[in-house]
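The values are calculated or read from the model by the stated rules, or taken from the named source; none is laboratory data. Everything numeric in this text was worked out from a predicted model, so none of it was measured. Using ideal geometry, Cβ is built from the backbone for each residue, glycine included, and neighbour counts are taken over all protein chains shown. The area values use the complete protein model at the heavy-atom level, side chains included, leaving out ligands, DNA and RNA. Shrake-Rupley method; radii C 1.70, N 1.55, O 1.52, S 1.80 Å.
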Amino acid sequence: MIFQHELIKSLKRHGDKTAIESDKNIISYSELLRRANKITSFILRQELPMETRVGVCMNDVPDIICAII
């Protein structure tokens, strides 16, 4: 939990700076956080029991990183 809290603070602090740069995309820290929150919201809406493991399949590296966050 401490790691997640510090990671979120770091993402917010760096805002519009580049977080990920790939062949297709340049993604800022704020966009990374927005995408991660979107994935989190979707999973929470599924009303799964606490501590349920969830598999995530993504095609792009930035999306994979968002899912991990």
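For this structure, a couple of remarks:
- Student exercise, the chain dipole from Lys, Arg, Asp, Glu Cβ charges, in Debye to nearest 20: 220 debye
- With the whole protein complex present, LYS38 retains an accessible surface near 140 Å², based on a 1.4 Å probe.
- Added length on full extension, which subtracts the Cα-Cα distance from 0.36 nm per residue, ARG34 to LYS17: 4.7 nm
- FRET efficiency for MET58 and SER10, using Cβ-Cβ distance with R0 set to 22 Å, rounded to 0.05: 0.50
- For the chain: relative contact order, % (alpha-carbon pairs under 8 angstrom, 6 or more apart): 28 percent
- Taking every DSSP helix (H) stretch of at least 4 residues in the chain, weighting each as -39,500 (n - 2.57) and dividing the sum by the residue count yields a mean residue ellipticity at 222 nm of -17500 deg cm²/dmol.
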